[in-house]
Amino acid sequence: MKDSLFKRLVVTGVLGWLVLFGAVPTLMLLAVSFLKRDPDSLIEPVLSLSSYHELFQPALGSMLAESMVMAATATLLCLLIGYPFAYIVARADKRHTPTLLLLVMIPFWTNTLIRTYALVAVLKADGVVNTFLRFLGVIDAPLKLMYTPTAVFIGLVYTLLPFMILPLYAAIEKLDLKLLEASRDLGASRFSTFRKITIPLTMPGIVSGCMLVFLPALGMFYIPDILGGARTMLLGNYIRDQFLAARNIPLGAAASIAMTLIMGLMLALYYKSVRRAGRKVRI
Amino acid sequence: MNIWVKRAYAALVFAFLYLPLVVIAVYSFNASKYSLAWKGFTLQWYGRLLDNATLVDAAFRSMTIAVVSATVSCVIGTLAAFMLHQYRFRGRRAVFASIFVMMMSPDIVIGISLLVLFLGVGLSLGFWTLLMGHVTLCVPFVTATVYTRFKGFDPTVVEAARDLGAVEYQVFRRIVLPMAAPGLVAGWLLSFTMSLDDVIVSFFTTGPTYEVLPLRIYSMVRLGIKPDVNALSVVMITVTVAAVLLSRRLLKEKS
């Protein structure tokens, strides 16, 4: 059957859009990362691995490692806080779940910049936390929370927690309770049921939650800007500075490519976990 | 787990999520400028907000870009979802995968790669580049939302229409589009809030000629707490809550 004009238009339009704004920018970024920096015209059209070489230099490497550790710790915290919470919401009375989910959605969709800013009011010297702790008599002098790496941690966990909770909820909600019962009937303890049944079956949720937290946690440059001290940096701050301050575009591109590779790795992990959990992938 | 332990835990997590928002809301009505101490109820910060021409301009630009990019994203995203749902063609799985990858891509990588594209082709940064940035950000989410909606349809309706002689465009226009309407509106609202809330992609894809609200706020809050920003935050949170409530309602209908 000959394709109709409408079909051809739709397919060409959509594919054209995907190529123009999906593939081309990514390939250009990749290409730029292999070029040389030029002080005058920004980029010198000479193939070079110098940006990647520089990424692994000790000075830069330790900054990158620090940023990764920071994002990974924030992700782990989100997982530890979010898993029991998602479990409670998924197992709550069905009449209440829409409301509970809505309460998670609202911060999820609220501007993260505004939420970060709101955190300043909580963390500053005469903010809510310090006032409360002084009222309780736990501390005499205000704790220095603002402009510390701790504040950046709190900021990352606070803004990204809903991104962890929602996929976890989706995974836990789909969990077949019969499997848990069967495991218990066969004599498994609560703990080993959790470890051997619940965790593997909810792994796709865990991995996608971790991905949705870890990647933004590397990139949200405004959180260190607003909450952190001068020394706290995320990969995002570094990429931004290479593009806008240092004008080393190939190096910034190489750092972005590194981030894309991390995403690729996590996506591969996600597909593996989905296959293992024996479910179809939903987009 | 004891039911009370569960409830207390859930309450604690919600308290963590909402405390800063509540604090900002309280600040925005507090006559005292910088401290938590309650100095009486006032609406002066909201009044001040309206007097702040740069903020009002930025808000107007943000609304413009959010409406336009939500509309464009909705068109492209719906066509993409329709194509994935109705057509079988070579590379369909690749299209699925790339939309998924775009959805998962960190904002900063999207922003940076578009910046490289715009610099490469020599576009000057402003309204158009920002629009392309926001559309790129939103389309995959619209596609996913609308596609999920399509999957809930009875496929025999489309077959019946085809058997009765409807051509492709008529199937799309008369059958699929009306059935997907709530999903479309939800996708539109989703894009609208995403565009309104985006900081990172806007940061890289817009120029000084077109400063949007989040970027204006960003440059203000780096210098500390501002009472009019508190009021503005409350306004933006309210807009977001309204959009979320509306889109939830539309998605829930008939699903």
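Quick note: the coordinates plus some simple rules give every number you see, no bench work behind them. All of these numbers come straight from a predicted model, not from anything done at the bench. Please note: Cβ atoms are built from the backbone with ideal geometry, for glycine as well, and neighbour counts cover all protein chains shown.
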(request) May I ask you to compute the full-extension gain from A:ALA59 to A:ASP93, defined as 0.36 nm times their residue separation minus their alpha-carbon distance, rounded to one decimal in nm? (result) 7.0 nm
(request) List the residues whose amide H sits under 5 Å from the amide H of A:ILE43, counting only those 5 or more places along or on another chain, with H placed 1.01 Å from N in the peptide plane. (result) A:ASP38
(message) Testing the spin-label approximation: label points 7 Å from Cα along Cα→Cβ at B:VAL26 and A:TYR271. State their distance in nm.
(response) 5.0 nm
(message) Under 20 Å between alpha carbons, and skipping anything fewer than 8 positions from A:LYS272 in its own chain: which lysines qualify?
(response) A:LYS174, A:LYS196, A:LYS280
(message) Please give the Cα centre distance for the range B:98-172 versus the range A:212-283, rounded to the nearest Å.
(response) 22 Å
(request) With a/c under 1.5 counting as rounded, go ahead and sort the range B:1-141 into rounded, prolate or oblate using the C-alpha gyration tensor (a ≥ b ≥ c being the square roots of the eigenvalues; past the cut-off, prolate if a/b is larger than b/c, else oblate). (result) oblate
(request) List the lysines whose Cα lies under 20 Å from the Cα of A:LYS7, skipping any in the same chain that are fewer than 8 positions away. (result) B:LYS151
(request) Would you kindly state the longest site-free stretch of chain B, with sites defined as trypsin sites (Lys or Arg not before Pro) in a DSSP loop (not H, G, I, E, B) surrounded by at most 14 other Cβ atoms within 10 Å? (result) B:91-221
(message) Less than 23 Å apart at the alpha-carbon level, and either on another chain or at least 8 residues along: which lysines does that give for A:LYS124?
(response) A:LYS144, B:LYS33, B:LYS39, B:LYS226
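Given axes a ≥ b ≥ c from the Cα gyration tensor, I'd like to know whether the protein assembly as shown is rounded (a/c under 1.5), prolate (a/b larger than b/c) or oblate.
rounded
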(message) Taking 37 °C and 0.692 mPa s as the conditions, I'd like the Stokes-Einstein D for chain B in µm²/s, using the Kirkwood hydrodynamic radius from alpha carbon pairs.
(response) 157 µm²/s
(request) If a/c stays under 1.5 just call it rounded; otherwise compare a/b with b/c (prolate if a/b is bigger, oblate if not). Do that for chain A, with a ≥ b ≥ c from the square roots of the Cα gyration tensor eigenvalues. (result) oblate
(request) Enumerate the calculated ³J(HN,Hα) couplings along the range A:69-86 in order (Karplus 6.51 cos²θ - 1.76 cosθ + 1.60, θ = phi - 60°), each rounded to whole Hz, writing x wherever the residue is Gly or Pro. (result) 4, 4, 5, 5, 5, 4, 5, 4, 4, 4, 5, 5, 6, x, 4, x, 5, 4
(message) Can you work out the Karplus-derived ³J(HN,Hα) for every residue in the range A:101-108? Use 6.51 cos²θ - 1.76 cosθ + 1.60 with θ = phi - 60°, whole Hz, and x for glycine or proline.
(response) 5, 4, 5, 7, 5, 4, x, 4
